[in-house]
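Step one of this worksheet: look at the structure below.
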Amino acid sequence: MILKRSFFSWVVQLIAAAILLETLMYKFGVFPELEIHSIFIFYKIGQAIGVPDIEPHGRFTTGVIELITSVLLLIPNIKIIRVGAVLGIMTMIGAIIAHLTVLGIEVENDGSQLFIMAWVVLLCCSLTLWFRR
């Protein structure tokens, strides 16, 4: 039973880490045509909370947090994995709140992809905490 639980935990950890790592190219400007989408999101959040200068600092900070979360989820140490899972949960709750209050579920005709990915990462990190209890 423990081996099965460990296997499923690694599966959901890998899914969460893969999604978080994939979105980094938006935040760090690997491809300028993708970065524009992320700039729009953080500019809109900044306008809504009254901090227009949040872009690019908020975007880069979020990217660093997501990178750290991904790395922590991949280190084979239960305590470190738990920290990564909690960090992922907190980050995704923030993303989901931003979608529900400021951005909308669908952002710039993305077919709700970012909103769905935030929920998937939240679910995967929550399952990781449960599996690694």
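Read-outs throughout are calculated quantities, based only on the coordinates presented, and are distinct from any laboratory measurement. All values reported here derive from a predicted model rather than from experimental measurement. Methodologically, a virtual Cβ is constructed for each residue, glycine included, from the backbone with ideal geometry; neighbour enumeration extends over all protein chains shown.
Using only side-chain charges placed at the Cβ, +1 for Lys and Arg and -1 for Asp and Glu, the dipole size of the stretch 7-84 relative to its Cα centre rounds to 340 debye. Taking Leu73, Leu34, Leu20 as the candidate residues, the one with maximal mean-square fluctuation in a Gaussian network model of the chain, Cα springs under 10 Å, is Leu34.
Relative to the Cα centre, the charge distribution of the stretch 2-131, modelled as +1 at Lys and Arg Cβ and -1 at Asp and Glu Cβ, gives a dipole magnitude of about 740 debye. Protection proxy ranking for 117-127, 35-45, 95-105, using the average of other Cβ atoms within 10 Å per residue and placing the highest first: 117-127, 35-45, 95-105. The stretch 84-110 and the stretch 112-133 have their alpha-carbon centroids 12 Å apart.
Based on a Kirkwood Rh over C-alpha pairs, give the Stokes-Einstein translational diffusion coefficient of the stretch 1-128 at 25 °C and viscosity 0.890 mPa s in µm²/s.
This corresponds to a translational diffusion coefficient of 163 µm²/s.
Per-residue Cβ neighbour counts within 10 Å put Ser9, Ser70 in the sequence Ser9, Ser70, beginning with the fewest.
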